[in-house]
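**Student:** Before anything else, here's the structure in question.
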Amino acid sequence: MRALEKQIKVLDKQIEQIFAVLPNTLTSVPGIGKVYSAGIIAEIGDVNRFQSQASVAKYAGLVWKQHQSGEFEAQNTRLIKSGNRFLRYYLLEAANSVRRCDSEFRRYYDLKYKQVNKYQHKRALALTARKLVRLVFRLLKEGRNYIPPEG
């Protein structure tokens, strides 16, 4: 176990060294470190190939199935199973980290957590990750740093 932990530390340091050369706007978000940022950027690739943040979310698998018939539309639906599972993992982990460090994301997570009685954490985390996708897309598209909201 110690050998694996040492290898992880070595890999993390190598990622940080390689990533120091690239311009990076995602590390300006509190809670997103160099490893999460590197994973997100590596999985997204060129952000200009996506038309909108919704297409990035669909690529990551952070959209919900549609279940409807006539006027009826179901409220409880599941996440789609397709999508880039590695990008989904990085976004969910980053969202969990960001919600602990940023008051805006913490408020949003808490609001979504209280809305339902079942699968509270999973649902709130997926919705927070969806919110994070919008932020990531904007930061990468415009190439600017994150400025946290005041208050």
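**Student:** Starting from the Cα-Cα distance between Asp46 and Asn76, subtract it from 0.36 nm times their residue separation and give me the gain in nm to one decimal.
**Tutor:** That pair, Asp46 and Asn76, stretches by 7.5 nm at full extension.
**Student:** Also, quick follow-up: Would you list the P(r) distribution for the range 44-89, with all Cα-Cα distances sorted into 5 Å bins from 0 and each bin expressed as a whole %?
**Tutor:** 5, 21, 23, 19, 14, 10, 6, 2
**Student:** Set the bar at 26 Å for Cα to Cα. Now go through Lys34/Lys141; Lys13/Lys58; Lys114/Lys141; Lys58/Lys122; Lys81/Lys118 and name every pair that lies beyond it.
**Tutor:** Too far apart for the 26 Å limit: Lys13/Lys58; Lys114/Lys141.
**Student:** Return the single residue from Gly33, Gly70, Gly83 with maximal mean-square fluctuation; model: Gaussian network over the chain, springs between Cα atoms under 10 Å.
**Tutor:** Among Gly33, Gly70, Gly83, the largest GNM mean-square fluctuation belongs to Gly70.
**Student:** Taking Lys112 as the anchor, which aspartates and glutamates have their alpha carbon closer than 19 Å to its alpha carbon, excluding any fewer than eight residues away along the same chain?
**Tutor:** Once the sequence-local aspartates and glutamates are set aside, what remains near Lys112 is Glu93, Asp102, Glu104.
**Student:** Oh, and also: I'd like to know which of Ala95, Val133, Gly33 lies farthest towards the positive end of the charge dipole of the chain, counting +1 on Cβ of Lys and Arg and -1 on Cβ of Asp and Glu.
**Tutor:** In the chain, that residue is Ala95.
**Student:** At 222 nm, what value in deg cm²/dmol follows for the chain if DSSP H runs of at least 4 each add -39500 (n - 2.57) and the sum is divided by all its residues, to the nearest 500?
**Tutor:** -19500 deg cm²/dmol
**Student:** Express in nm, to one decimal, how much length is gained between Glu142 and Tyr89 on full extension, taking 0.36 nm for each residue of separation and deducting their alpha carbon distance.
**Tutor:** 16.7 nm
**Student:** What is the gain in length, in nm to one decimal, between Ala54 and Lys6 on full extension, counting 0.36 nm per residue of separation less the C-alpha to C-alpha distance?
**Tutor:** 13.5 nm
**Student:** According to the Cα gyration tensor, what semi-axes, each the square root of 5 times an eigenvalue, does the equivalent ellipsoid of the chain have, listed from largest to smallest in whole Å?
**Tutor:** Values for the chain, descending: 28, 18, 17 Å.
**Student:** Counting only other residues whose beta carbon sits under 12 Å from that of Phe19, what net charge do I get with K and R as +1, D and E as -1?
**Tutor:** Net charge in that neighbourhood comes out at 0.
Throughout, read-outs are computed from the coordinates displayed, never taken from laboratory work. Small disclaimer: the values here were computed from a predicted structure and weren't measured. Here Cβ is always computed from backbone atoms with ideal geometry, including for glycine, and neighbour counts include all displayed protein chains.
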